[in-house]
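K.L.:
Got a structure for you, written out below as structure tokens; questions coming shortly.
The values are calculated or read from the model by the stated rules, or taken from the named source; none is laboratory data. This is a predicted model, so every value here is computed, not measured. Cβ coordinates were reconstructed from backbone atoms using ideal geometry, including for glycine residues, and neighbour counts include every protein chain displayed.
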Amino acid sequence: MIYIVEDDDSIRELEEYVLRSAGFTVQGFTNARDFWAACAQQPPRLAVLDIMLPDEDGMSILHKLRADPATRALPVMLVTAKGAELDRVRGLEDGADDYLAKPFGVMEFSARIKALLRRSGAGGAPAAEGGLLVCGPIRMDTERRTVTVNGQPVELSFKEYELLRLFLEQPGVVQTRDAILRRVWDTDFIGESRTIDMHVRTLRQKLGEAGSAIQTVRKVGYKLDPQA
């Protein structure tokens, strides 16, 4: 989970969209109060902070995060309109792991987030938390080999499980039929049968409404859309 604290709705929504498109689970806040309340319930993997906020500025949030042993190592990126060299130096010296000035490019923003997670050891794989693969209401525990949707267990066959795991490990990536055959069936050929299509159909049915996240890419294959 990545938390974003940004009071400008257009910027916050853009940041959320970019990270969700990359497969990350994201929650946005317009003020520090709601951010701290969420942290008490579930600490994030990374925090993106604006500096100028209505109730408590981003630098104050940063100082408190660094003072708390539970969040001292939390990766923090400052994204702010204060782009002068002195502001950047101050932000980095005060404990920020990265500093991005507005306006910014969305590709650079996404790449910096991924780099922060890699450097922190939190992992660059989207939506992966320990032994969990998560996309919206779908949660796969790869250690216990279980799948739940909205907390309810879902019974999958071996092939359905491996198919879902492939999608969850690479959200947003189009999986060609050849790639699916090699990964799930360990072969390059299944004859003329519609085996892949049948398994995708039954997988969608078992996932219920969440199954709509598995989308058909005509004449190519399938992909998992984290925003569907």
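K.L.:
Regarding residue 84, is this residue free of Cβ contacts under 8 Å to residues at least 24 places away in the same chain and hydrophobic (A, V, I, L, M, F, W, C)?
P.N.:
yes
K.L.:
Go through the stretch 1-54 residue by residue and tally those that are within 24 Å of residue 87 (Cα to Cα), part of a helix (DSSP H, G or I) and in contact with a strand residue (DSSP E or B) (Cβ under 6 Å, 6 or more places away or on another chain).
P.N.:
Residues meeting the conditions: 3.
K.L.:
If I go through the stretch 121-135 residue by residue, how many of them are within 20 Å of residue 20 (Cβ to Cβ) and modelled with pLDDT under 85?
P.N.:
9
K.L.:
Do you know which of the residues in the stretch 128-173 that are in contact with a Lys or Arg (Cβ under 8 Å, 6 or more places away or on another chain) and among the acidic types (Asp, Glu) is surrounded by the fewest Cβ atoms within 10 Å (Cβ to Cβ)?
P.N.:
Ranking the qualifying residues of the stretch 128-173, first place goes to 155.
K.L.:
A further question on this structure: So in the stretch 156-176, with the set limited to residues that are of a type outside the set (A, V, I, L, M, F, W, C) and assigned to a helix (DSSP H, G or I), which one is modelled with the lowest pLDDT?
P.N.:
169
K.L.:
Tell me yes or no: at least one residue of the stretch 58-69 is over 22 Å from residue 227 (Cα atoms), modelled with pLDDT under 85 and outside the structural domain of residue 174 (by TED's automatic domain parsing).
P.N.:
Among the residues of the stretch 58-69, at least one is over 22 Å from residue 227 (Cα atoms), modelled with pLDDT under 85 and outside the structural domain of residue 174 (by TED's automatic domain parsing), which makes the answer yes.
K.L.:
Here is a further query. So, in the stretch 193-217, how many residues would count as being within 21 Å of the chain's Cα centre (by Cα) and of a type in the set (Val, Ile, Thr)?
P.N.:
The total comes to 1.
K.L.:
In addition: Here is a list: 45, 72. Which entry is surrounded by fewer than 14 Cβ atoms within 10 Å (Cβ to Cβ) and either on the phi > 0 side of the Ramachandran plot or among the basic types (Lys, Arg) (or both)?
P.N.:
Being surrounded by fewer than 14 Cβ atoms within 10 Å (Cβ to Cβ) and either on the phi > 0 side of the Ramachandran plot or among the basic types (Lys, Arg) (or both) holds for just one of 45, 72, which is 72.
K.L.:
For residue 180, work out the one condition from (1) modelled with pLDDT of 90 or more; (2) part of a helix (DSSP H, G or I); (3) farther than 15 Å from residue 156 by Cβ it doesn't fulfil.
P.N.:
Every condition holds for residue 180 apart from (1).
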